[in-house]
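Below is one structure, written out as structure tokens, with a few remarks after it.
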Amino acid sequence: MKIAFIGGGNMATAMIGGLAGKVASPQDIHVVDLNAGALQSLKDKFGVSTATAIDGAVASADVVLLAVKPQQLPEVAALLKPFIGAQLVLSIAAGIRIADISRWLDGHQAVVRAMPNTPALIGRGITGVAAGAQVSTLQRAQADSILKATGETLWVAGEDQLDAVTAISGSGPAYVFYFLEAMEKAAVELGLSPADGMQLAKATFEGATELARRSEEPVATLRERVTSKGGTTYAALTSMERAGVKESIVTALKAAAARSKELGDEFGKA
């Protein structure tokens, strides 16, 4: 499989690292970016071919992966049009809808849209994926194998569900970091050092997440097992419930999903 990356930033670099020598040989991966320094780094590290402008190597690719900022995509699509034939176009540009990508590419129908998250940088991401109606079974498999280079994939039934994916997993790492910050702050106020507080918080998150992943029981059951009535955990969770923490989190995630939809509307006007 020949893959052409349009954009060589952090997410593209993470994907190339997962792909090179595994899903595709380095000589079959081509990267286009304006940043010559970033391209040289990719060439030195992975052995891929590079260019500072869209070229014939893009035209011969099986998959063209759009890894540019959303606001750059209309301009990039205009430059890309002459090089697009039967390839699969795989976009990880946040908020840009399949219909708009297709329109900017003169009606090209083989488009898959994906929403990765930042743990992809260490191979532990999860990516929500939606396919256009004309994407073949082979092209779905190609997209899936590329995206799995950085973690798990979740194919959704409809593209509109990617707004929810964005709210839950796309933005999700920030929520975890936010909670870790709060745990560290509490630890310091309770007399621990910041380093000790953060060590405890990180290990607790990692261990609890792995326990939830391995368990066949609902997380509510796991929570109840840690919570003895009248105990320390009960005191903490009762305080959170009184403060409306759970409902505040749900409201916040709905706000993220609504903003994702708004951004899709805004970008689509380009």
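The values are calculated or read from the model by the stated rules, or taken from the named source; none is laboratory data. Because the structure is a prediction, the values reported are computed rather than measured. Heads up, the Cβs are rebuilt from the backbone with ideal geometry, glycines too, and the neighbour counts pull from every protein chain shown.
With respect to (1) at pLDDT below 95; (2) surrounded by fewer than 19 Cβ atoms within 10 Å (Cβ to Cβ); (3) of a type outside the set (A, V, I, L, M, F, W, C), the lone exception for Gly132 is condition (2). Scanning region 20-30 for residues that are modelled with pLDDT of 95 or more and within 22 Å of the chain's Cα centre (by Cα) returns Ile29, His30. Leu162 passes every criterion in (1) more than 16 Å from the chain's Cα centre (by Cα); (2) under 18 Å from Phe267 (Cα atoms) apart from (1).
Scanning region 241-258 for residues that are surrounded by 13 or more Cβ atoms within 10 Å (Cβ to Cβ) and closer than 21 Å to Phe205 by Cα yields Ile249, Ala252, Leu253. Number of residues in region 128-183 that are touching a helix residue (DSSP H, G or I) at 6+ places or on another chain (Cβ under 6 Å), assigned to a helix (DSSP H, G or I) and small (Gly, Ala, Ser) equals 3. When Glu159, Glu181 are checked against the criterion of being without any contact (Cβ under 8 Å) to a residue 40 or more places away in the chain and charged (D, E, K, R), a single residue qualifies: Glu181. A single entry from Arg113, Arg124 fulfils the requirement of being in contact with a strand residue (DSSP E or B) (Cβ under 6 Å, 6 or more places away or on another chain), of a type in the set (Lys, Arg) and crowded, with 19+ Cβ neighbours inside 10 Å: Arg113.
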